[in-house]
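Read through the structure below, which is laid out as structure tokens, and then see the notes.
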Amino acid sequence: MKEYDEDEALKAMGAALGENAPSNEDLYQVLDLIFDYYDENGELEIDAEADDDTDIDDMVAFIAKYLKGKSDSTLTTEQIKTLILAEIAYEDSLL
């Protein structure tokens, strides 16, 4: 199994939006918020009995709410969802 590489995750996220990709700073902020969401929902804890299904729509809402209140980001909810799915696909590629 490969080790998680933040730069590779950011690259995958940027590629998912192609020419519409936000700045690297915005990508990093979304990546950070993905892990904040995991942490707040106990999804960073190792538990063999845990259900692995992350509520993507809830994560999108969590990130969109944060960005709306704390940032000048212009990412749409659809773009945020695309970035999340790209990060998850990157995670899955490591297995």
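Computed from the coordinates by the stated procedures, all read-outs in this text should not be read as laboratory data. Owing to the predicted nature of the structure, the values given are computational and were not obtained by experimental measurement. Neighbour counts run over all protein chains shown; Cβ positions are idealised from the backbone, glycine included.
Some notes on this structure:
- Inter-residue pairs, beta-carbon under 8 Å, first free of Cβ contacts under 8 Å to residues at least 24 places away in the same chain and in region 1-21, second of a type in the set (Ser, Thr, Tyr), 6+ apart: Leu10/Tyr28
- Selection from region 57-95 of residues that are surrounded by 13 or more Cβ atoms within 10 Å (Cβ to Cβ) and without any contact (Cβ under 8 Å) to a residue 40 or more places away in the chain: Met59, Val60, Ala61, Phe62, Ile63, Ala64, Tyr66, Leu67, Thr77, Lys81, Ile88
- Number of positions in region 1-19 that are in a helix (DSSP H, G or I), farther than 22 Å from Lys70 by Cβ and not acidic (Asp, Glu): 5
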